[in-house]
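The values are calculated or read from the model by the stated rules, or taken from the named source; none is laboratory data. As the structure is a computational prediction, the values presented were derived from the model and not from experiment. Here the Cβ positions follow ideal geometry from the backbone for every residue, glycine too, while neighbour counts run over all protein chains shown.
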Amino acid sequence: MIMSGEYLLSVFIYVCGVIILLFQWKHILNMMLSFEIMMLGVIFLFLMSWGLYSNDYSLMMVIVVFGVCEASLGLSLLVSMVRVHGNDYVKSLNMYKL
């Protein structure tokens, strides 16, 4: 079973990411950083609960790869949005609806 300290730490990391997402939603870069903090909390939870008690780390590698793909896709979308719109404000996305 998972020890309570590691479980509480991973839940704390995830909740910090959610709080940052709730209060820092003006820029898309801040939102992406909060998503990365939440992903680190989930990875830490999986590592502490399942990864350390078995020797099979293939599921951990799949989760890390999905996190890296999510980060690279988000950064590429941010760069293309800044090139097209000139900023990364969330409110500027509502102006261009059809």
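Restricted to the stretch 38-88, and to residues there that are β-branched (Val, Ile, Thr) and under 16 Å from the mean Cα position of the chain (by Cα), the residue that is farthest from residue 17 (Cα to Cα) is 62.
Could you tell me whether the stretch 49-71 includes any residue that is in contact with a helix residue (DSSP H, G or I) (Cβ under 6 Å, 6 or more places away or on another chain), at pLDDT 85 or above, closer than 28 Å to residue 26 by Cα and aromatic (Phe, Trp, Tyr)? The answer is no; no qualifying residue exists. Residues in the stretch 30-80 that are more than 18 Å from residue 11 (Cα to Cα), touching a residue at least 24 places away in the same chain (Cβ under 8 Å) and surrounded by 14 or more Cβ atoms within 10 Å (Cβ to Cβ): 31, 32, 70, 71, 74, 78.
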